[in-house]
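Input: a single structure, listed below in structure tokens.
The values are calculated or read from the model by the stated rules, or taken from the named source; none is laboratory data. In this text, all values refer to a predicted model and were calculated from it rather than measured experimentally. When we count neighbours, we look across all protein chains shown, and the Cβ atoms used for this are built from the backbone with ideal geometry, even at glycine.
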């Protein structure tokens, strides 16, 4: 027959295992884990303690003592866990060891009776504290079961005084066993209730509305958010009722329910169904929402769970982002992106409805001068005023946008025929009149005007980007004709545009296929007649297009950003050539390299220049960068600092085509330059006593006063050469002295001028 004590031990052990199973189902429930450890420790302590009494062995007493300490410590820790005051496993271990030492000190100090009494007292205390906490938290069954366990231990104290050994009375053992079973059931129920309460609290405070319904529409569960939307006080009042999914139209709600029910009946909704629709609460205004449907089985019934997520804030943010993406931030007009979208739609509709539209591209004349002179703040004000003036002249259906900088576009939709030229001309005239005005600022007078390019789609299926490009081509043609007017796009412009596109396509392959060449035009010292400088000039012979003039392909490269790739090749090839000349022992001239404004403004230009010089072992003074007035007139914030660094590094800086711009003099005072090049237009008609003679003399004198050297371009006659030498010009360049030529021919030329310089290689400057 199994001893009664072992039955009790087995019961307690099974209780501990049950707690661990509960904890495994809900890992956040630390109390269940501690209760499980406590009762397994109690079972172990009871078994080893009973064996110790039958056969006193030191190790049995030690194990029993340690397990007793662990039982009491973990039971007390479980009570603290319920209160949210669990201090950690290290504290638990130290506390268990302390209790074990206390029991051992008493029990092995000579009085086993005192030791047993201490253990029972601690058990009464631990069970009593747990009962108090559980009752205070509302777990009545578990609290009463702990109280019975405490009473059983208290009764064992009385038994200890009469029998000498606790838990020998069948009654006390029976009470302890029954209370352990009841405690197990109560604590398991408390654990399940705690997990359920936690889930309920999560669902209760979830910002999304939740409702679970059977296929017949009966509500099984809903949270407080859904109850608010349904206009009831509590979720319980909706359970068992049929509630539509908060749709203003009952028919719409029924249709959605039938669709979801049909899907759920045919196959489980492993993948949720997502719908975006407007939700109409019982009180309040409709709002956009995402409804997520899923299904599961509940007590043999198919239940559909609907999660309603308010999308108001997200939709508002999306609208704001879309508004920002489609709007020019300065003027509040539509931007290029939005204009192209709407224009594409108009073009598509026009092809199907037989209507037409016109695009007017409006560009302010000389606006850059306003920005450079009066600053960008005032320039922005002018742009805003221009936008308001254009808005005042809009007609119903018109679309106005700011494309970039000082470019605006007006779309006139639903023209009845291509013969609406007169109507478009009238609008163009009105726009010019609206934009045109004189104003004064900071003591300076300015006149604002515009040039307009007009393009029709015709009967072609054009994209919006192509139509805008055609309007831009026509606008530049209007500027070329004298500005302050308008110009219609024609087929000839299209041919020129197509030619530019062919050049662009061929130019993209020119660098990789080795089609580009550098020619060098000699520059001689006017005083000594020695070859001291040479200008590197780009030449291109295309297999498809033949020899292409720089005047044709350089502007194309500028517009298409190919100038960055082409400019980088020119820079490296010129530096490589000078290094090669020096390696061959030739006293190579300083080579002038033309740099475009776009290339110079690129963030990596300075680093590229220094890298190439270092790679080819060339000192910075061996080259000179020729800068245009367009570059110096740009609004780059770091331009002065960059020019200063290059100048200090020893790189020569030259201002090309000096005298052709309206503000060239300011550049000489503002930037660190070494050289100015007199534009060939001043040298072309240079004669004694002429107006050009006076201008050239003034330029040379002014440059020298600023410690700048002067190069005269376009020297083609002995008379021009003689006048320039007499006026003290430092360097001479032109066909009289030498045309652009390959590197090997420049190297073979005499180092000093002769009386007559014959052209060597056909070409143009």
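Looking only at region 515-527, decide whether some residue is out of contact with any strand residue (DSSP E or B) (no Cβ under 9 Å at 6 or more places or on another chain) and touching a residue at least 12 places away in the same chain (Cβ under 8 Å). Yes, there is a match, as at least one residue in region 515-527 is out of contact with any strand residue (DSSP E or B) (no Cβ under 9 Å at 6 or more places or on another chain) and touching a residue at least 12 places away in the same chain (Cβ under 8 Å). Among the residues of region 1-42 satisfying the criterion of being surrounded by fewer than 21 Cβ atoms within 10 Å (Cβ to Cβ) and not in a helix (DSSP H, G or I), which is modelled with the lowest pLDDT? Applying the filter and picking the extreme gives 1.
Yes/no matrix, rows are residues, columns are (1) in contact with a helix residue (DSSP H, G or I) (Cβ under 7 Å, 6 or more places away or on another chain); (2) surrounded by 13 or more Cβ atoms within 10 Å (Cβ to Cβ); (3) at pLDDT 85 or above:
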{"residue": "462", "(1), (2), (3)": "yes, yes, no"}
{"residue": "466", "(1), (2), (3)": "no, yes, yes"}
{"residue": "482", "(1), (2), (3)": "no, no, no"}
{"residue": "517", "(1), (2), (3)": "no, yes, yes"}
{"residue": "520", "(1), (2), (3)": "yes, yes, yes"}
{"residue": "535", "(1), (2), (3)": "no, yes, yes"}
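Screening the candidates 484, 451, 465 for the property of being part of a strand (DSSP E or B) and in the same structural domain as residue 332 (by TED's automatic domain parsing) yields one hit, 451. Screening residue 353 against (1) touching a residue at least 12 places away in the same chain (Cβ under 8 Å); (2) more than 38 Å from the chain's Cα centre (by Cα) leaves a single unmet condition, (1). Of the candidates 212, 227, 247, the single residue that is modelled with pLDDT of 70 or more, surrounded by 12 or more Cβ atoms within 10 Å (Cβ to Cβ), under 21 Å from residue 294 (Cα atoms) and in contact with a helix residue (DSSP H, G or I) (Cβ under 6 Å, 6 or more places away or on another chain) is 227.
At pLDDT 95 or above and either under 23 Å from residue 560 (Cβ atoms) or surrounded by 16 or more Cβ atoms within 10 Å (Cβ to Cβ) (or both): is that true of residue 591 in this structure? In short, yes. I need the full set of residues from region 389-405 which are under 33 Å from the mean Cα position of the chain (by Cα) and more than 17 Å from residue 429 (Cα to Cα), in order please. Hits for region 389-405 are 399, 401, 402, 403, 404, 405. Residues in region 733-755 that are in contact with a strand residue (DSSP E or B) (Cβ under 8 Å, 6 or more places away or on another chain) and farther than 20 Å from residue 573 by Cα: 733, 734, 737, 738, 749, 750, 751, 752, 753. Is there a residue in region 656-670 that is at negative phi and at pLDDT 90 or above? Checked region 656-670: no residue is at negative phi and at pLDDT 90 or above.
Note on region 668-694: residues that are within 22 Å of residue 624 (Cβ to Cβ) and assigned to a loop (DSSP other than H, G, I, E, B) amount to 5.
Every residue, every condition in (1) outside the structural domain of residue 623 (by TED's automatic domain parsing); (2) in a helix (DSSP H, G or I); (3) within 23 Å of residue 602 (Cβ to Cβ), yes or no:
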position: 495; (1), (2), (3): yes, yes, no
position: 500; (1), (2), (3): yes, yes, yes
position: 517; (1), (2), (3): no, no, no
position: 528; (1), (2), (3): no, no, no
position: 538; (1), (2), (3): no, no, yes
position: 556; (1), (2), (3): no, yes, yes
position: 564; (1), (2), (3): no, yes, yes
position: 577; (1), (2), (3): no, yes, yes
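Scanning region 391-410 for any residue that is out of contact with any strand residue (DSSP E or B) (no Cβ under 8 Å at 6 or more places or on another chain) and in contact (Cβ under 8 Å) with a residue 60 or more places away in the chain turns up at least one such residue. Scan region 579-604 for residues that are out of contact with any strand residue (DSSP E or B) (no Cβ under 8 Å at 6 or more places or on another chain) and either in a helix (DSSP H, G or I) or closer than 24 Å to residue 655 by Cβ (or both) and the total you get is 14. Could you tell me whether residue 503 is under 42 Å from the mean Cα position of the chain (by Cα) and surrounded by 21 or more Cβ atoms within 10 Å (Cβ to Cβ)? So residue 503 fits the description; yes.
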